[in-house]
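Taken together, the values in this text are just the output of simple stated rules run on the coordinates, not laboratory data. Quick caveat, the model's predicted, so the values are computed rather than measured. No Cβ is skipped: glycine too gets one built from the backbone with ideal geometry, and neighbour counts run over all protein chains shown.
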Amino acid sequence: MTIRTRTFLLGLIAILALVGAGCGGDQGGGGGGPEARALLERAFAKPTDSGDLSLEGKADLKGSASLNGEYSIAISGPIQARGKTELPLLDWDIAVEGQGQKLEGALVLAQDNAFVEFQGQSYELGTALYQQIAQSYAQQQQAAGAPQTLEDFGVDPASWLEERTVEDGEQIGGDATQLVSGSVDVEKLVRDGVELLENPAVRSQLESQGQAPEKPTDEEIGQVEEAIKDITLEANVDDEDNLRRLLIDLSFEAPEGSDTSDLESGTASIETTLESVGGEADIQEPADPAPISELLQRFGLGGTPALP
């Protein structure tokens with residue numbers, strides 16, 4: 001598996017995380033096919049303005065000298081949208097673990113400031129710099145048309161699912177849900193991944209960070225399709241068509257005859273849950289934060305962060 005192919009495969013895993021974090025139900029249980037498809041279409045098309053998010057991602061990668069081993073990420077806390085071109089409000093605890101290291105911290109985006117917590121100490125971006133970043137973000141969103149739903153990005157997760165079933169699901173945050181499950185059509189997922197990379201809003205964001213990848217070739221797309229062995233999906237949708245939970249499991253293996261000196265195989269899972277949908281998010285600004293420059297100095301970086 002070449003580096004470019006590996007990068008595209010890992011990018012697809014990131015897309016699945018985006019689907020999980022993106023953001024009714026038919027009444028009664030049982031059924032599948034068109035009913036499940038319609039339920040998913042409504043859920044994925046509806047932006048959810050606020051809620052308490054929980055995201056857990058895990059990966060077990062084998063064969064790559066740089067990526068071998070188990071990795072995990074956990075994010076939890078409230079988020080609230082503030083319009084198409086404004087940064088959201090959020091107050092997230094974040095934990096990342098891999099290769100024997102574990103990092104825990106927090107990220108807060110408040111009304112007019114941003115904060116990062118690292119090793120028990122909070123740091124503030126500062127109102128002036130935050131406003132500059134917020135203005136730059138708004139300009140990028142306006143130039144790209146400010147897509148808000150997965151459909152705006154050219155991603156149609158409802159079309160991925162095969163052999164769909166729908167039944168009564170668990171309660172989430174006290175709300176009843178319908179559970180849709182099935183296996184994922186790998187070819188459709190991969191093609192949507194390519195479309196997402198070509199979306200003007202996505203490319204604008206990546207180019208502003210100097211990370212815009214080249215479009216994968218047909219050969220590389222075929223290698224990724226062959227590498228992905230199995231993907232399953234579960235989605236819980238409430239009676240207001242809000243996507244309340246999404247679980248995606250996948251496994252992959254490098255095609256026979258490919259470069260086995262790189263990533264050979266692995267598994268990954270992403271699960272997101274959204275509770276307390278609607279209302280005002282409770283954003284807690286940390287007390288007595290230090291300037292962000294102090295955190296940068298700890299990593300040998302001087303000055304202030306560069307604008308996107």
Quick one: compute a quarter of the convex hull surface over the Cα atoms of region 58-116 and quote it in nm².
-> 5.4 nm²
Quick one: 252, 299, fewest Cβ neighbours within 10 Å first, how do they rank?
-> 299, 252
In Hz, Karplus ³J(HN,Hα) per residue of region 92-109 (6.51, -1.76, 1.60; θ = phi - 60°; x = Gly, Pro) = 10, 8, 9, 9, 10, 9, x, 6, x, 10, 9, 10, 10, x, 8, 10, 10, 10
Between residue 280 and residue 138, the two model label points (7 Å from Cα along the beta-carbon direction) sit apart by a distance in nm of 2.2 nm
Over region 44-196 - Rg/Rh using Cα atoms and the Kirkwood inverse-distance radius | 1.00
Excluding residues fewer than 8 places away in the same chain, name every one of the lysines whose C-alpha is closer than 24 Å to that of residue 58.
-> 102, 188, 229
